[in-house]
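Below you'll find the structure, written out as structure tokens, and then a few comments.
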Amino acid sequence: MDIRVVEGNIAEIEASAVVVNIFEGVTEPGGAAAEIDKKLDGAITALVADGEIKGKRGEFTLIHTLGRLPATRVVVAGLGKSDDLTLDVVRGVAGGAGRFVRSKHVASFASVLHGAGAGGIDAEDCAQAMAEGTVMGLYRFDKYKSKSDTDPVEEITLVTLSGDGIGQIESRVEKGEIIAEAVALCRDMSNEPANTMTPTAMAEHALEVARDTGMEIEVLDRDKMAELGMGSLLGVAQGSSEPPKLIVLKYHGDPDDEDNSLGILGKGITFDSGGLDIKGAAGMLTMKGDMAGGASIIGAMGAIARIKPKVNVVGIVPATENMPGGKAQRPGDVVRAMNGKTIEIGNTDAEGRLVLADAVCYARSLGLTRLVDVATLTGAVVVALGDLAIGAFGNNREWTDQIIEAGANVGERIWELPTYPEYQRQYRSDIADIKNTGERGGGAITGAMIIGEFADDAAWAHLDIAGTAKTSRNSGYTPKGATGTPVRTLVELAESVSSS
Ligand code: BES
Ligand code: ZN
Ligand code: MN
């Protein structure tokens, strides 16, 4: 898909479809929509008067121009109330418009920058959001379909008002495309079934990202992990015949200042059967997606290496299956992590914290002092926050705030839960330093805190994406399936660290 930018008047553009917009509650269209309305003898105004066009967010109305305009069709997109307009609304409208146009079998279309100008949104910010929203909204995972219902959209033309400064707008469109493609890579990996998205396949995707961007990469195999003493990760891996991989991507954006670094870590369980504490059928069905945190790291690292913020970023993905094979770890086993801490296995299905424990130790061994891990860690966070917000947990006020703010800047909602030390008693073990489970109450918190036990004095935060990694319905820029969260937050975080 190609996005080009032209300066001009959308009413004069020749296209299969042109997309304009209208705010909720207005009686007359404004801006480009007004001009098109005039050429259509007031068709849009009439549809507003009839109540067919309300301007609500998610509303799209198709008008056939029948020769009155150079464009064959006009799509009027509802922007919602003008007071509620944000960049995230722009992304959502752009994504919804893309899917709406595609459903009409239109392979190329032109669009105004929704909300720029009349809506008060900066044209450059808007252009990036349009690119992000359109590419993310048009995403689909159809590689296993013999044929799809509609052809892909080939070309999108963003029409800017003259004087907006086309060069700057083009470079922001390009940035938006880079970010949306990183989200697409994360979604592709997460949507891919577990029989093909193995730990080895994850490592191959990371190698490809590294090759394409010239990034440093290292993939540690089972022997190397054993040598480093990663007993916690290897304990999870031992029940599977798929070899585990520890994927390490390194972006050197500030080679002169090693302290200007952060580590981003992601759970890469390519299938979570639960292990010997096996899941039921319903709970197991969606567990191909248990590597979404790891996929978000690989996607974000690719975008960071292309955008090139002045900061060093290390991406770490412990990748393995959690299976109940003959060599599987047993409830009651004790394993030893890379830093020497022992963990009693209270439940083999609490495997995410076990693989992340060694990943955090490894990050610390590299000298990283600012860490964030991303994981589909607990069912408990789904109970707490549903599918609308990522759960956040941390040991450092400023660092956690910086991550939450990065999310807010890009429209990914992150909500913090406490990590009071009194929760620690839940995961005390009678025979080891800690165990990998707590009680039912506060399950997302104890899961997080067990990972935090391995961070020592590093600033560490954990994002639990068990509720937000996938969605069951199309909405705005997020089609059904893997969402690709929190790739955009991670990219924004790297940029915010680079400028602070
Ligand atoms: N991968 C699951 C968490 C999960 C649940 C992700 C639902 C997405 C949707 C994790 O490994 C798990 O099994 N967690 C257990 C922990 C428990 C055994 C302490 C859980 O949440 O039930
Ligand atoms: Zn899991
Ligand atoms: Mn599990």
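If the chain linking residue 16 and residue 281 were pulled fully straight, counting 0.36 nm for each residue of separation and taking away their Cα-Cα distance, it would gain 90.7 nm.
Per-residue surface analysis assigns residue 69 an accessible area of about 10 Å², computed on protein heavy atoms at 1.4 Å probe radius.
Computed from the C-beta positions of residue 413 and residue 39 and an R0 of 41 Å, the FRET efficiency is 0.50 to the nearest 0.05. Remark: the Cα gyration tensor places region 171-273 in the oblate category, a/c being 1.5 or greater and a/b not exceeding b/c.
Just to confirm the number: angle between the C-alpha axis of helix 397-410 and the first principal axis of the chain, 0 to 90 degrees, nearest 10? The angle comes out at about 30 degrees.
Take every pair of alpha-carbon atoms less than 8 Å apart whose residues are at least six positions apart; their mean separation over the length of region 1-160 yields a relative contact order of 32 percent. Calculated FRET efficiency, residue 440 to residue 333, Cβ-Cβ distance, R0 = 35 Å: about 0.95 to the nearest 0.05. Under the simplified labelling scheme, the residue 62-residue 81 pair shows an inter-label distance of 3.1 nm, with each label point 7 Å from Cα along Cα→Cβ. Shown are 142, 151, whose ranking by accessible area with a 1.4 Å probe and every protein chain present, most to least, is 151, 142.
The mean sequence separation of alpha-carbon pairs under 8 Å and at least six residues apart, normalised by the residue count of region 41-97, gives a relative contact order of 29 percent. Contact order, relative form, for the chain: 15 percent (alpha carbon pairs under 8 Å, 6 or more residues apart, mean separation divided by residue count). Rounded to 0.05, the FRET efficiency of the residue 472 and residue 148 pair, given R0 = 30 Å and the Cβ-Cβ distance, is 0.90. Between the helical axis of 199-213 and the longest alpha-carbon principal axis of the chain there is an angle of about 50 degrees. If you sort the three axes of the alpha carbon gyration tensor as a ≥ b ≥ c, you get a/c of 1.5 or more for region 62-160 and a/b no higher than b/c, which makes it oblate. Residues 88, 373, sorted by accessible area with the largest first, give 88, 373 [1.4 Å probe; ligands and nucleic acids excluded].
Every pair of different Cα atoms in region 288-432 enters the Kirkwood calculation, which places the hydrodynamic radius at 17.3 Å.
In this structure residue 334 has an accessible area near 70 Å², from a 1.4 Å probe over the protein heavy atoms. Per residue, the accessible area of region 277-404 comes to 34 Å² when a 1.4 Å probe rolls over the protein heavy atoms.
In whole angstrom, region 1-143 maps to an equivalent ellipsoid with semi-axes of 21, 18, 15, each derived as √(5λ) from the alpha carbon gyration tensor and ordered largest first.
Taking all protein chains together, 439, 416 sort by accessible area into 439, 416, largest first [probe 1.4 Å].
Surface composition of the chain: carbon and sulfur atoms hold 47% of the protein heavy-atom accessible area at a 1.4 Å probe. Counting Lys and Arg as +1 and Asp and Glu as -1 over every other residue whose Cβ lies under 14 Å from the Cβ of residue 427, the net charge comes to 0.
Helical content of the chain, expressed as a calculated mean residue ellipticity at 222 nm, amounts to -11500 deg cm²/dmol (DSSP H runs of 4 or more residues, -39,500 (n - 2.57) each, divided by residue number, nearest 500). Largest first and in whole Å, the equivalent-ellipsoid semi-axes of the chain read 45, 22, 20, each the square root of five times a Cα gyration tensor eigenvalue. Pairs spanning more than 25 Å between alpha-carbon atoms, out of 145/267; 145/480; 39/104; 143/308: 145/267; 143/308. Per-residue surface analysis assigns residue 6 an accessible area of about 30 Å², computed on protein heavy atoms at 1.4 Å probe radius.
Charge tally around residue 392: other residues with Cβ under 9 Å, Lys/Arg +1 each, Asp/Glu -1 each, net -2. Looking at region 2-55, the GluC sites (Glu not before Pro) that sit in a DSSP loop and have at most 15 other Cβ atoms within 10 Å of their own Cβ are 14, 52.
For region 13-63, the per residue solvent-accessible surface stands at 49 Å², with DNA, RNA and ligands left out and a 1.4 Å probe. Using the Cα centre as the reference, give the magnitude of the dipole from point charges on the C-beta atoms of region 1-120 (Lys, Arg: +1; Asp, Glu: -1; all else neutral), rounded to the nearest 20 debye. Dipole size: approximately 380 debye. Selection among 199, 136, 185 by position relative to the dipole of region 121-211 gives 199 as farthest towards the positive end (Cβ unit charges, Cα centre).
The values are calculated or read from the model by the stated rules, or taken from the named source; none is laboratory data. In this text the structure is predicted, and so the values were computed from the model without any measurement. Counting neighbours? That spans all protein chains shown, and the Cβs are built from the backbone with ideal geometry, glycine included. The accessibility values were calculated without ligands, DNA or RNA, using every heavy atom of the protein model including side chains. Shrake-Rupley method; radii C 1.70, N 1.55, O 1.52, S 1.80 Å.
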